[in-house]
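Structure first, then comments.
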Amino acid sequence: MRNLNFKVIVDGMLIVTLLLSMAYLLIGIDNHEIVGTVFFILFIVHIILNRRWFFSVFKGKYSGMRIFFIGLNFLIFVMMIGLIISGMIFATYTPNFIKIANSIEMARLLHLLTAYWCFVLLSLHLGTNLTPIVNAIKLNDMYKEIIRFAGILLACYGVFAFVRQNIISYLFLQQGFVFFNINQSLSGCLIDYIAIMSFGTMVGYSIKRLFIKINLCKMSKEMKIKSGVD
């Protein structure tokens, strides 16, 4: 139980640092580097805490749901590697001999691309692992239903925020720079990204539930066929 609670705390801190990183111009470049470094450290801790999953990847059968989870986690890992490498190239503490002109420009574009893909993919990942996180939170059913309803409303707003923040253009590098509304406050920006993450989480949770229903239907059909044969 203690291990589960520690995992929840680490995951919660990961979410906070990820959200702050997305508002990098509003928190300042220096703070962005600090938050980003903490995020990378927490990501490594997250991997260590869930190391058993990596050892189980090549064991057992590969259902559609399992293939989806492995593919999602693999994409997250690849994007995180790109995010870490690109971030280190143009960080202020990086040695100058690494910062040649071409590497800095390529690193900037790679950082922009991987940052937004990490944000979207991690939101989906959160949704696929939402059930154990919710179960670890000690609240009665009424409060859980209130939080669930609030989450659905926030996710609906997240669709609007996704469009307003122009996320698609960054995911496919249709724009080489991130544009922030100078009139938007840090809290307003964070609310938008929390809503977008809620939307991604809802999508990830829905995909997992769909796979579970498909598997239950297959099991039910197999049991009926077996019962008919017997």
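The values are calculated or read from the model by the stated rules, or taken from the named source; none is laboratory data. Source: prediction; values computed, not measured. Cβ placement follows ideal geometry from the backbone for every residue including glycine, while neighbour counts extend to all protein chains displayed. Areas reflect the complete protein model, heavy atoms only, side chains present, ligands, DNA and RNA absent. Shrake-Rupley method; radii C 1.70, N 1.55, O 1.52, S 1.80 Å.
Listed by first and then second residue, the pairs with beta-carbon distance under 6 Å, at least 6 apart or on different chains, first residue in the range 54-82 and free of Cβ contacts under 8 Å to residues at least 40 places away in the same chain, second open to solvent by 40 Å² or more (accessible area, probe 1.4 Å), are Gly82/Leu110.
Would you be able to say whether some residue in the range 203-220 is farther than 24 Å from His111 by Cβ, hydrophobic (A, V, I, L, M, F, W, C), assigned to a helix (DSSP H, G or I) and in contact with a Phe, Trp or Tyr (Cβ under 9 Å, 6 or more places away or on another chain)? Within the range 203-220 (the criterion being farther than 24 Å from His111 by Cβ, hydrophobic (A, V, I, L, M, F, W, C), assigned to a helix (DSSP H, G or I) and in contact with a Phe, Trp or Tyr (Cβ under 9 Å, 6 or more places away or on another chain)), the answer is yes, since at least one residue qualifies. Taken residue by residue, the range 98-109 has at least one member that is at pLDDT 90 or above, open to solvent by less than 70 Å² (accessible area, probe 1.4 Å) and closer than 18 Å to His32 by Cα. Leu72 fails exactly one of the following numbered conditions: (1) assigned to a helix (DSSP H, G or I); (2) at pLDDT below 95; (3) under 26 Å from Gln175 (Cα atoms). What is the number of that condition? Only one criterion in (1) assigned to a helix (DSSP H, G or I); (2) at pLDDT below 95; (3) under 26 Å from Gln175 (Cα atoms) is unmet by Leu72, namely (2).
Can you tell me which residue among Thr92, Thr114, Thr17 is over 21 Å from Ile168 (Cα atoms), of a type in the set (S, T, N, Q) and not in a loop (DSSP other than H, G, I, E, B)? After applying the criteria, what remains is Thr17. Looking only at the range 53-70, filter to residues that are within 20 Å of Val10 (Cβ to Cβ) and under 20 Å from the mean Cα position of the chain (by Cα); which one of those is least open to solvent (accessible area, probe 1.4 Å)? Once the filter is applied, the top-ranked residue is Phe69.
Would you say Ile168 is closer than 23 Å to Ala23 by Cα, among the aliphatic types (A, V, I, L, M), part of a helix (DSSP H, G or I) and free of Cβ contacts under 8 Å to residues at least 12 places away in the same chain? Let's see the steps before the verdict.
Values: closer than 23 Å to Ala23 by Cα: yes; among the aliphatic types (A, V, I, L, M): yes; part of a helix (DSSP H, G or I): yes; free of Cβ contacts under 8 Å to residues at least 12 places away in the same chain: yes.
It is true that Ile168 is closer than 23 Å to Ala23 by Cα, among the aliphatic types (A, V, I, L, M), part of a helix (DSSP H, G or I) and free of Cβ contacts under 8 Å to residues at least 12 places away in the same chain.
Is there any pair linking a residue in the range 171-195 that is open to solvent by less than 70 Å² (accessible area, probe 1.4 Å) to one that is polar (S, T, N, Q) and in a loop (DSSP other than H, G, I, E, B), with Cβ under 7 Å and at least six apart or on different chains, and which? As it stands, the answer is Asp192/Gln165, since those pairs meet every condition given.
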